[in-house]
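Here the structure is laid out as structure tokens; the discussion comes afterwards.
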Amino acid sequence: MVKKGEVEELISKALAARERAYAPYSGFAVGAALLTSSGKIYEGCNIENVSHSLAICAERVALFRAVAAGERQFSRIAIVSEGGAMPCGACRQVLAEFSGGLEVIVADTEGAWRLFTLEELLPKRFGAKIGLGEGCGGDERGREGKGAYKEYLALDDEPEEGKGRAPASGPGETCRGGERS
Ligand SMILES: [Zn+2]
């Protein structure tokens, strides 16, 4: 259960981090505060570059700082921006690498916020556990390890006997069979 005081503390840290954003090109400042399972908080802000594609989001800055400090387990992240922008797809994937069950608080600069789980923001994500039968990448029931990864990459190859081929419409179509109702 999320306690209001804990949420507010994390949001205020993200808000402070947002003040340090380096966003001279977009003018869109974002701050993030990532809570580890051990109770530490790592902050991040977006950092842009004159070569625009090299910009990095606040969420990933916070995560990379935490991982570089030896942290691997996270329980919650707060992300603050004007209007409360949702985290981009790249950040969702990177956050999922460490904490599939992460709670994601998206807040605006006025203090309004919404709580999501990473699972709902990035369902059927690409992961090391692959299984087309039940759900797709990242599913607990999938196979694990390098062999499964190879199998995933091999979907465009000629199908083996009885294995079938990935349909021309792409992975979404492949996943449909594993959809849980
Ligand atoms: Zn992002």
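A few notes on this one:
- Cleavage-rule hits (trypsin sites (Lys or Arg not before Pro)) in region 48-79: DSSP loop, at most 13 neighbouring Cβ within 10 angstrom: ARG72
- Region 4-121 - share of DSSP beta bridges that are antiparallel (%, nearest 5): 75
- Positive-end residue, region 1-95 charge dipole about Cα centroid, Cβ charges, pick of ALA17, VAL30, VAL2: VAL2
- Within region 4-121, the percentage of alpha carbon pairs spaced more than 21 angstrom apart rounds to 28%.
- Between ALA90 and GLU19, full extension at 0.36 nm per residue minus the direct alpha carbon distance yields a gain of 23.3 nm.
Bear in mind that the values in this text are calculations on the coordinates, not laboratory data. For clarity, every value in this text was computed on a predicted model and none was experimentally measured. Neighbour counts are summed over all protein chains in view; Cβ atoms, including those assigned to glycine, are modelled from backbone coordinates with ideal geometry.
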